[in-house]
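First comes the structure, then the notes that go with it.
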Amino acid sequence: MKISTAIFDLDGTVIDSEDVWGRAFCRVLKNLGAIAKSEHPEEPGFSIKESWKRLIPEYGIKTEKTLDELRSLTYSEYEKEIPQIGLQDNVVDLIEDLKESGIVIVLATGTIWEIADKIMRNLKIENLFDNIVTGDEVLNQKPDPEIFNKVIEKLDVDPNECLVFEDSLPGILAAKEAGMKVIAIDPTGENAKLEEAHQVIGSFSEVTPKVIDSL
């Protein structure tokens with residue numbers, strides 16, 4: 001596969017943050033008078049508002065708060081733990097190798113700019129990306145392909161030359177709908193849903209020119 005552009009998701013892909021999201025949702029649930037049934041009441045990959053659309057009836061929550069207000073509360077809880085968020089193993093090495101090969105590096109995340117910027121600055125990775133698209137720039141979140149179509153529009157790039165790195169089924173489906181190839185990162189090797197990707201890896205160290213060429 002010839003690639004000109006590599007597109008990375010943020011949460012769960014570039015950064016190891018899924019547990020932080022879980023704790024954020026659990027704390028907001030508790031403040032609403034509900035006890036989470038698991039460490040991850042949300043479904044990774046779906047937007048915060050989509051998660052709350054499911055959680056409100058599932059937990060029988062009685063609240064006058066709007067979905068936008070619940071989204072803001074969840075972001076506030078998440079933001080408290082930004083200093084604790086780390087990078088996924090080997091992701092920076094991969095990005096730097098791709099850049100040295102002349103490949104454009106893009107971040108495409110449903111997270112709003114304000115939060116994504118704080119994360120990148122805290123980890124000192126804001127200069128890793130040649131272009132960034134955040135949730136503020138789209139109306140529809142993954143699995144809708146809008147965010148990837150936005151990348152195509154901004155960079156005037158052929159989707160057949162785009163390789164996406166994702167960690168969730170919604171992200172995989174969105175990238176495929178946009179006509180892009182997808183590699184899914186699954187460090188635990190336990191997420192069968194990720195098999196919808198063109199390739200599943202356990203670590204970014206597994207991404208070699210041979211793997212890319214085979215897509």
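The values are calculated or read from the model by the stated rules, or taken from the named source; none is laboratory data. Keep in mind that what you see is a predicted model, and the values were worked out from it rather than measured. Counting neighbours? That spans all protein chains shown, and the Cβs are built from the backbone with ideal geometry, glycine included.
Checked across the range 50-60, the condition of being surrounded by 14 or more Cβ atoms within 10 Å (Cβ to Cβ), within 19 Å of the chain's Cα centre (by Cα), within 24 Å of residue 153 (Cα to Cα) and modelled with pLDDT of 95 or more holds for no residue. Just so you know, in the range 4-49 the residues that are of a type in the set (S, T, N, Q) and either within 16 Å of the chain's Cα centre (by Cα) or part of a loop (DSSP other than H, G, I, E, B) (or both) include one that is farthest from residue 197 (Cα to Cα), and it is 38. Go through the residues of the range 19-30 one by one and say whether even a single one is farther than 19 Å from residue 183 by Cα and touching a residue at least 60 places away in the same chain (Cβ under 8 Å). For the range 19-30, residues farther than 19 Å from residue 183 by Cα and touching a residue at least 60 places away in the same chain (Cβ under 8 Å): present.
Checked against (1) modelled with pLDDT under 95; (2) of a type outside the set (D, E, K, R); (3) within 20 Å of the chain's Cα centre (by Cα); (4) within 23 Å of residue 180 (Cα to Cα), residue 1 meets all criteria but (3). Could you grab me the full set of residues in the range 187-205 that are at pLDDT 95 or above and within 20 Å of residue 92 (Cα to Cα)? Answer for the range 187-205, where residues must be at pLDDT 95 or above and within 20 Å of residue 92 (Cα to Cα): 199, 200, 201, 202, 203, 204, 205.
Residue selection: residue 95 satisfies the criterion of being of a type in the set (A, V, I, L, M) and in the same structural domain as residue 172 (by TED's automatic domain parsing). Elements of the type strands (runs of 3 or more DSSP E) sitting completely within the range 121-215 and holding at least 2 residues that are under 14 Å from residue 9 (Cα atoms): these cover 131-133, 162-166, 181-185. For the range 200-209, name all the residues that are of a type outside the set (Gly, Ala, Ser) and more than 17 Å from the chain's Cα centre (by Cα). The answer is 206, 207, 208, 209.
Restricting attention to the range 165-215, the residues that are more than 19 Å from residue 148 (Cβ to Cβ), among the acidic types (Asp, Glu) and surrounded by fewer than 17 Cβ atoms within 10 Å (Cβ to Cβ) add up to 4.
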